[in-house]
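Shown next, in structure tokens, is the structure this report addresses.
Taken together, the values in this text are just the output of simple stated rules run on the coordinates, not laboratory data. A quick note: this is a predicted structure, and the numbers were derived from the prediction, not measured. Every residue, glycine as well, gets a Cβ built from its backbone with ideal geometry; the counts of neighbours run over all protein chains shown.
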Amino acid sequence: MSSPVDLQPKPSVIERCTLPGADPASAVAALRPLVSAAAGTGEADAERLAGHLVSLARTYSTEPFTQLEAARHGLGVERPEFRLLLDTFARIPELRTAVEQGPAGKYWTNTVLPVERSGALDAALHGKPWFPNSVGLYPGPTCMFRCHFCVRVTGAKYEHSSVAGGNEMFASIIDEVPTDNPARMYLSGGLEPLTNPGLGELISRAAGRGLKLTMYTNSFALTEQTLSRQPGIWDLHAIRTSLYGLNDDEYQATTTKRASFSRVKKNLMRFQELRRERQDAPRLGLSYIILPGRAHRLLDLVDYIAELNASAPDRPLEFLTLREDYSGRPDGKLAPEERAQMQEALSAFDERVRAHTPTLHVDYGYALESQRMGVDAELLRIRPETMRPTAHPQVAVQVDLLGDVYLYREAGFPDLKGADRYIAGRVTPDTSLAEVVERFVVERREVEPVAGDEYFLDGYDQVISARLGQMTADVAAGWGDVRGFLR
Ligand code: SF4
């Protein structure tokens, strides 16, 4: 009898042509008849075109932000032949799959293609007003931690007196946001969202409109007391807790707060127990950054999750987001021995996840995913000269407690030097979020980037900036109808 796995269609040799160790020659051979049929060419032309198509798939599966002219020069073909290649590529779905499942495929499937489908990238490219596809609310007036990597200015916080007015402003944004995309809005910071005493009401208001909010939190204040004071927290779609270590010492070294690991763990254990009593309780997940030299801690991370699961065996944690800390590596590359260690640690981790937390969904992010495949991924690095002065408010904005609308995700901290230049405007009782974005776009406002501004962009902002840079170059080179390669 066949197992369920046997029933899955196996990826074809064309679909696998972008994976490390794949044999391009067999993909070319398999492609030849398809190319003949799609492009209506003879044998010799089909062979040449098939070779170019495999090269194109391999390029865009590892370097998704390549400009079309660079790809054309790389192949050494004239424009008419390149046009034929792009048309033929679009007619063979297996080639698209090969790009999407290649080493950098997560750039495509997690971010670029979903945002493409929303229309927000085209709006940004053409400078058209558009309600932002992603709206981050930063409701925390303060934070109990002081993480060493956090850009937060020590001691900076919002006045307590700004909370009531801020929450009214957030309520107005919740009422204003279109509900066609339930995942459009999330809660994060800036500072710690759970330090806002009106958070539960805001969450219930959003849920009442059908919005599925995820909250990014350190969970230090996710106590039973907070939950009974703010029952609206149960209306969240998901809670993503940032972990800062796996014991009290590691936590203290990062957050400077004593015994904070024990407290967060106790909160999560209790939250797990309480979740069992509610059918529609929020999904629970963790996010963990692998610090340099700490890849071996991944096994302890699985044990920690298994421990949390034991307090609610029928409600195991749903997800884990793993990222790597690249901040100390100017070229974004790992040293060879570190890369080998990381690959080994990731495969041991995979194995332990399968054995101890089999239902856990692990999101490895762009870079770790390709490392798992054995390819050394370079991190995308936007520099001031490649930042777009018009930014991308059609794609994403972030709003703090004062109503200030920030253009980048890491800029929304109080008193952060230079960050106020990235405020598109302020939401007030007379000015909606849609109006703030519309004015910024219609008045063609620009922010001239200076050195250091690149740190205001998080990974998502970097992907969007790179994609828009690529699209702009493709359009300028006369490839407007096929700009961006995949859509
Ligand atoms: S990183 Fe988060 S938890 Fe740490 S100090 Fe900054 S806002 Fe607080």
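At-a-glance table
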| item | result |
| --- | --- |
| Interatomic Cα distance distribution for the range 12-102, bins of 10 angstrom, percent | 19, 55, 26, 0 |
| Coarse-grained scattering of the range 138-282 at q = 0.10, 0.20 Å⁻¹, given as base-10 log I(q)/I(0) from a Debye sum over alpha-carbon atoms | -0.35, -1.29 |
| Packing rank of 465-476, 98-109, 435-446, where each peptide gets the mean count of other beta carbons within 10 Å, highest leading | 98-109, 465-476, 435-446 |
| Amide N proximity, the range 61-101 versus residue 481 label position 7 Å along Cα-to-Cβ, cut-off under 12 Å | 83-84, 87 |
| Cross-link pairs 106/212; 266/417; 106/265; 265/417 - those with Cα-Cα distance over 25 Å | 266/417; 106/265; 265/417 |
| In degrees, nearest ten, helix 79-91 long axis to first principal axis of the chain (Cα) | 60 |
| Extended-chain gain in nm, criterion 0.36 nm per residue less alpha-carbon gap, residue 153 and residue 171 | 3.8 nm |
| Relative contact order (percent, whole number), the range 12-102, Cα cutoff 8 Å, 6+ residue spacing | 40 |
| Additional length obtainable on full extension of the chain from residue 435 to residue 273, 0.36 nm per residue less Cα span | 53.9 nm |
| Cα Rg, Dmax (largest Cα-Cα span) when computed across the range 355-438, Å | 18.3, 56 |
| The chain, helix-only ellipticity at 222 nm - DSSP H runs n ≥ 4, -39,500 (n - 2.57), divided by all residues, nearest 500 | -13000 deg cm²/dmol |
| Principal-axis tilt of helix 43-62 within the chain, Cα atoms, nearest 10 degrees | 20 |
| Gap separating the Cα centres of the range 89-149 and the range 458-472, nearest whole Å | 9 |
| Positive-end extreme of charge dipole, the chain - chosen from 423, 105, 286 (charges on Cβ) | 286 |
| Distance between the range 330-393 and the range 35-87 - C-alpha centres, whole angstrom | 29 |
| The chain: angle of helix 162-176 to the longest principal axis, Cα-based, in degrees nearest 10 | 40 |
| Two-site FRET efficiency, residue 280 against residue 417, from Cβ-Cβ distance with R₀ of 41 Å, rounded to 0.05 | 0.40 |
| Separation between Cα centres of the range 170-188 and the range 192-269, rounded to whole Å | 20 |
| Equivalent ellipsoid dimensions for the range 344-487 as semi-axes, Å, which come from the Cα gyration tensor, largest first | 34, 22, 15 |
| Those Cys residues of the chain for which no other cysteine Cβ falls under 4.7 Å | 17, 143 |
| Reciprocal mean inverse distance between Cα atoms of the range 119-384 - Kirkwood radius, Å | 20.1 |
| Cα-based equivalent ellipsoid, the chain: semi-axes from gyration tensor eigenvalues, Å | 40, 29, 21 |
| Ordering of 297-306, 159-168 by packing [mean C-beta count within 10 Å, highest first] | 297-306, 159-168 |
